[in-house]
1. Report the residue count in segment 138-163 for those that are outside any helix (DSSP H, G or I), more than 30 Å from Arg264 (Cβ to Cβ) and open to solvent by less than 40 Å² (accessible area, probe 1.4 Å).
2. State yes or no: is Val205 in a strand (DSSP E or B) and either free of Cβ contacts under 8 Å to residues at least 60 places away in the same chain or crowded, with 21+ Cβ neighbours inside 10 Å (or both)?
3. Please work out if Val207 is at pLDDT 95 or above and touching a Cys at 6+ places or on another chain (Cβ under 8 Å).
4. Pro317 passes all but one of (1) open to solvent by less than 50 Å² (accessible area, probe 1.4 Å); (2) within 30 Å of Glu43 (Cβ to Cβ); which number fails?
5. What is the residue count in segment 75-106 for residues that are under 18 Å from Val258 (Cα atoms), in a helix (DSSP H, G or I) and in contact with a helix residue (DSSP H, G or I) (Cβ under 7 Å, 6 or more places away or on another chain)?
6. Out of Arg179, Arg189, I need the residue that is without any contact (Cβ under 8 Å) to a residue 12 or more places away in the chain and not in a helix (DSSP H, G or I). Which one?
7. Going through segment 214-234 one residue at a time, which ones are touching a Leu at 6+ places or on another chain (Cβ under 9 Å), farther than 19 Å from Ser158 by Cα and open to solvent by 10 Å² or more (accessible area, probe 1.4 Å)?
8. Could you check, for segment 119-137, whether at least one of its residues is open to solvent by 50 Å² or more (accessible area, probe 1.4 Å), in contact with a helix residue (DSSP H, G or I) (Cβ under 7 Å, 6 or more places away or on another chain) and within 23 Å of Val212 (Cα to Cα)?
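The values are calculated or read from the model by the stated rules, or taken from the named source; none is laboratory data. Everything quoted here is computed from the prediction, not taken from an experiment. Here Cβ is always computed from backbone atoms with ideal geometry, including for glycine, and neighbour counts include all displayed protein chains. Protein only, heavy atoms only, side chains kept; ligands, DNA and RNA dropped before computing areas. Shrake-Rupley method; radii C 1.70, N 1.55, O 1.52, S 1.80 Å.
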Amino acid sequence: MSLPIRARRALAGLVLLGATACTSGPSLENQGEVTAPPGDSKELTIGSAGFTESDLLAQMYALLLERAGYSTDIISVTNREIYEPALESGQIDVVPEYAATFADWLNAKANGADAAPVGSPDLATTMKALRALAAPRGLTVLDPGRAVDQNAFAVAASYAKKHDLKTLSDLGRANLPVRLAAGDECVQRPYCAPGLQKTYGIDIVAVDPKGVGTTQAKQAVQNGQDQMVLTTTTDATLDEFGLVLLADDKKLQNADYVVPVVNRARAGSDGVRDALGRLNTVLTTADLASMNEQVDSWRRLPEDVARTYLESKKLIPKG
């Protein structure tokens, strides 16, 4: 009988962290021909970036792959600077990623920190750029599903009702002064304060540095200290604070759809692609938000939430 996922994760962690502490991953020159046949190792290591949503996705990937006949380990590596080279080298075989963010990260790695971003609000454009950057590194980006975890902006439900706000365009037309609760970097990031002003004409009078989607930031909007908060589309706690999202109707935010990224030489097979692809037809942004809430607010274990979800969608048998 194989070890439980949590036990295997702990064992794998000791091996990976020791191996990655002194390496930055293989150079492009050592990758070999990307046209080589994709591998199909039956023992796969799945990486999680260490936050709730990534843990949930890793658990779902493991359960789907095990259902397809693979043996899996899960390891949590919170730093992309560590887990991406480990993915290239085959120490990690599969990770859940976000299309636009990962495309821009690989682009900066290949072309320098000042390289023009390649991620965009258009999914097809973003995926084309991402796959072109991933392939020379021996990585294959599988198809995205329906779930997307983008930056999003929320206001108090009472504020939205008072000013008849449903979209960010509505807020721009209302000509209201807006204090925005967000991270420090919001004052410079094009998707945040500058983008809200340029794209929507929103009058951002100040950025209140309370973090992205933190309890403190949401409380500041709830009590009227701030008028809007930067959070994400999978934030399931907005109702608790009496907040509602305003639609990004002009698509300021990039296409950060969930995508599995695999090491081609070890996990580039149709077997892996088909197993993980089963999630694409069912998993939605709302589903992710609900599962995040179950872990973060209800204190359920990610593996239990993931299993229950897949069973409910008949992607794995109950038991």
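1. Residues in segment 138-163 being outside any helix (DSSP H, G or I), more than 30 Å from Arg264 (Cβ to Cβ) and open to solvent by less than 40 Å² (accessible area, probe 1.4 Å): 5 in total.
2. Yes; evaluated as a whole, the condition is true for this residue.
3. It is true that Val207 is at pLDDT 95 or above and touching a Cys at 6+ places or on another chain (Cβ under 8 Å).
4. (1)
5. 7
6. Going through Arg179, Arg189 in turn, just one is without any contact (Cβ under 8 Å) to a residue 12 or more places away in the chain and not in a helix (DSSP H, G or I): Arg189.
7. Correct list: Thr233 only.
8. Checking segment 119-137: not a single residue is open to solvent by 50 Å² or more (accessible area, probe 1.4 Å), in contact with a helix residue (DSSP H, G or I) (Cβ under 7 Å, 6 or more places away or on another chain) and within 23 Å of Val212 (Cα to Cα).
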